[in-house]
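The structure appears below as C-alpha cells.
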Amino acid sequence: MNASTNDFVTHANRGDGRDEKSAHDPTVSHNRRDTREPSPPHLGKLMAGVVVILAIGVGAGLMPRLHKKALVVNDTRELATLSVSVVNPTPAKAAPPLLLSGELKAMAEAVIYARTSGYVRRYLVDIGAKVEAGQLLAELDTPDLDRELAQARAELKRSQAGRQMSETTAKRWSQLLGTKAVSPQESEEKQSDVELKRATVESADAKVQQLEEVQRFAKITAPFAGTVTARHLDVGQLVAAGTENELYRLAQTEKMRVFVRLPQSYARAVSVGQSAQLLLPEIPNRTFEAKVVRTSGAIDPASRTLLTELEVDNAQKELLAGSYAQVRLSEAKPDAALTLPSNTLFFRAEGALVGIVGADNHVAFRRVNLGRDFGSAVEILSGVEATERVVTNPPDSLVDGAEVRVSSQAK
C-alpha cells in the first residue's frame, strides 16, 4: 500500500511538467526562461530599410533611361509628322449693285373693240384725254341691228297674241268638256297648245332682250378711269363686230409697272418688298424709287431668268408706258461665295480636291465645286465652310487621313 502511494506521487510530479531534478536545479530553470523570450525588433526594421534603399537605387538607375526613351519616341513622332500651313476660306468680294433692263407698262391697260356692227356716228374723246369709268367715248349707227330688233319685237307681239287666243280657246273647251260636248282628248290638245304658245312667247322675248343688249354696245364706254392712249376710229367708218380692229386703247398711268428679268443666280436674292431705283436714259440725273411687288415664281426655261414686277409712282406723269428703263436692285445680293488661294487645290481623278485639317489634326480630302477664277484665288461654290482649315501647298506625300502638324495659319 505504501508503494502504491509513492508511485502515485511520482506520476503526479511528472504530470506537473517538472521532475524532481528540475525543481531543485536552478540552471535548468534559467534556460527554459531564455527560450521563451521574443526576438529583438531591430532585425525587421533593418530588413525594411535595406529593401527601400534597393528600390531607390533601382529607380534612380531606371529613370534616366526611361526619360531618354520617351524623348526618342517623341522626337521620332515629331519627325514623322508632316508640317503644313493652313488657311480659312474667305468670302468673295461683294458684287456691284445689279443693273438690269426693264420695260415700263401701265398699271392697267385695255383695248376696246366693237361688240356690234355699224357706222361711227361720232366720237367724243381723243388721245391723251382723261376719262372716268363708264364715260361715253363714241356712238355707232346700227341700221341692220335696229331692223332686226324691230322684227324681233314684232315676233314677240305675234307670239303674245297667239298665246292669248290659245288660252281663250282652251278655257272654252274646258267648259264644253263639262257638258260632254267635246271629248277629253280634244280639251287636252287645247291645253297643250297653250303651253306651246307660252314657250314661243318666252323664246321671242329672249331674242328681243339679246338684241337690246347688243344695241347697247352701239354706245362705247370706258371700262375704268384712265387715259386714252390710242384712237383708231373716225366718223362714218364701218365697224364690224368680232374683228381684231381696236377702237380705243385705255391705260391707267398714275402708277407704272416695271418688268425685269433676273438671272438665275440672283433669283433667290430678290424678295417682295425690296426697294430699287429706276433710271431713264433721257433723264440722266434723276432716279425714281420703285419697289418689288411680285415675281413669277418660276425660272423661264428658255432664258433661265425670273420675271420680276416692280411698281413705281407716276403721279407727275413723268414716266411713259412702253418706255425702256434701267432698274438698279441695290438690295439684291446673292449669297457670297467663298474663295480659297489657288495653291490649296490639287487635282485627282475624281476632280478638284482640298485637304481639310480637323480638330484631331488629321487631314480629310474633300471634293469642291469651282466657280470663277480670280488668278491668285478661286471661287468655291460648295465643298468647304468658312470655319474650316484648308492645307496650303499640299505635298504629294500627303494622304487622306494622315496626321499633320499645323505650323502656321494665314488670316
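The values are calculated or read from the model by the stated rules, or taken from the named source; none is laboratory data. Here the structure is a predicted model, which means the values were calculated and not measured. Here the Cβ is made from the backbone with ideal geometry for all residues, glycine too, and neighbour counts use every protein chain on show.
Against the definition (of a type outside the set (Asp, Glu), surrounded by fewer than 16 Cβ atoms within 10 Å (Cβ to Cβ) and within 30 Å of Phe288 (Cβ to Cβ)), how does Ser330 come out, yes or no? Spell out the reasoning first.
Numbers: of a type outside the set (Asp, Glu): yes; surrounded by fewer than 16 Cβ atoms within 10 Å (Cβ to Cβ): yes; within 30 Å of Phe288 (Cβ to Cβ): yes.
Judged against the criteria, Ser330 is a match.
Can you find, within region 133-150, the residue that is nearest to Gln252 (Cα to Cα) among those that are without any contact (Cβ under 8 Å) to a residue 60 or more places away in the chain and of a type in the set (D, E, K, R)?
Per the stated criteria, the residue is Asp144.
Given the criterion basic (Lys, Arg) and free of Cβ contacts under 8 Å to residues at least 24 places away in the same chain, identify the matching residue among Lys105, Lys130, Lys93. Talk me through it step by step, then tell me what you get.
Numbers: Lys105 fails: free of Cβ contacts under 8 Å to residues at least 24 places away in the same chain; Lys130 fails: free of Cβ contacts under 8 Å to residues at least 24 places away in the same chain.
The conditions single out Lys93.
In region 355-411, which residues are surrounded by fewer than 19 Cβ atoms within 10 Å (Cβ to Cβ), within 30 Å of the chain's Cα centre (by Cα) and basic (Lys, Arg)?
Arg366, Arg367, Arg372
So which of Val201, Val182, Val208, Val235 is without any contact (Cβ under 8 Å) to a residue 12 or more places away in the chain and more than 30 Å from Met256 (Cα to Cα)?
Details: Val201 fails: without any contact (Cβ under 8 Å) to a residue 12 or more places away in the chain; Val208 fails: without any contact (Cβ under 8 Å) to a residue 12 or more places away in the chain; Val235 fails: without any contact (Cβ under 8 Å) to a residue 12 or more places away in the chain.
None of the others qualify; the one that does is Val182.
I'm trying to understand the selection: among the residues of region 266-282, which are closer than 13 Å to Val312 by Cβ and among the hydrophobic types (A, V, I, L, M, F, W, C)? Walk me through it before giving the result.
Within region 266-282, the first condition is being closer than 13 Å to Val312 by Cβ, and the residues that meet it are 275-280.
Result: Ala276, Leu278, Leu279, Leu280.
Considering only region 316-378, give the strands (runs of 3 or more DSSP E) lying wholly within it that have at least 1 residues that are acidic (Asp, Glu). Walk me through how you get there before you give the answer.
On the way: elements: 324-329, 338-341, 346-348, 351-357, 363-367, 369-373.
Fully inside region 316-378 and qualifying: 369-373.
If you take the residues of region 95-109 that are surrounded by 17 or more Cβ atoms within 10 Å (Cβ to Cβ) and aliphatic (A, V, I, L, M), which of them is farthest from Ser265 (Cα to Cα)?
In this case the residue turns out to be Ala106.
Does region 146-185 hold any residues that are under 30 Å from Phe217 (Cβ atoms) and of a type in the set (A, V, I, L, M, F, W, C), and which are they?
Step one: of region 146-185, the residues under 30 Å from Phe217 (Cβ atoms) are 146-160.
Within region 146-185, Leu149, Ala150, Ala152, Ala154, Leu156 qualify.
Quick one: which residue in Val399, Val363, Val390, Val384 is more than 13 Å from Leu340 (Cβ to Cβ) and either in contact with a Lys or Arg (Cβ under 7 Å, 6 or more places away or on another chain) or touching a residue at least 40 places away in the same chain (Cβ under 8 Å) (or both)?
Working: Val399 fails: either in contact with a Lys or Arg (Cβ under 7 Å, 6 or more places away or on another chain) or touching a residue at least 40 places away in the same chain (Cβ under 8 Å) (or both); Val390 fails: more than 13 Å from Leu340 (Cβ to Cβ); Val384 fails: more than 13 Å from Leu340 (Cβ to Cβ).
The unique qualifying residue is Val363.
For region 114-141, enumerate the residues that are of a type in the set (Val, Ile, Thr) and surrounded by fewer than 14 Cβ atoms within 10 Å (Cβ to Cβ). Can you show your working first?
Initial filter on region 114-141 (of a type in the set (Val, Ile, Thr)): 116, 120, 125, 127, 131.
Of everything in region 114-141, just one residue is of a type in the set (Val, Ile, Thr) and surrounded by fewer than 14 Cβ atoms within 10 Å (Cβ to Cβ), namely Ile127.
I need the full set of residues from region 300-316 which are in contact with a Ser or Thr (Cβ under 7 Å, 6 or more places away or on another chain) and either crowded, with 19+ Cβ neighbours inside 10 Å or at positive phi (or both), in order please.
Leu306, Thr308, Asn314
Condition test on Ala337, is it surrounded by 14 or more Cβ atoms within 10 Å (Cβ to Cβ), modelled with pLDDT under 90, in contact with a helix residue (DSSP H, G or I) (Cβ under 6 Å, 6 or more places away or on another chain) and within 24 Å of Glu379 (Cβ to Cβ)? Break it down into steps so the answer makes sense when it comes.
Numbers: surrounded by 14 or more Cβ atoms within 10 Å (Cβ to Cβ): yes; modelled with pLDDT under 90: yes; in contact with a helix residue (DSSP H, G or I) (Cβ under 6 Å, 6 or more places away or on another chain): no; within 24 Å of Glu379 (Cβ to Cβ): yes.
The answer is no for Ala337.
Give just the number: which of (1) modelled with pLDDT of 90 or more; (2) within 20 Å of Ala106 (Cα to Cα); (3) acidic (Asp, Glu) does Glu282 not satisfy?
(1)
Look through Lys93, Lys105 and report the one residue that is outside any helix (DSSP H, G or I) and modelled with pLDDT under 85.
Values: Lys105 fails: modelled with pLDDT under 85.
Just one listed residue meets the conditions, Lys93.
Starting from region 246-268, keep only residues that are closer than 30 Å to Asp234 by Cβ and modelled with pLDDT of 90 or more, then list their pairs with residues that are in a strand (DSSP E or B) and among the charged types (D, E, K, R) whose Cβ atoms are within a distance under 6 Å, requiring at least 6 positions of separation or different chains.
Correct list of pairs: Tyr248/Arg231; Ala251/Glu109.
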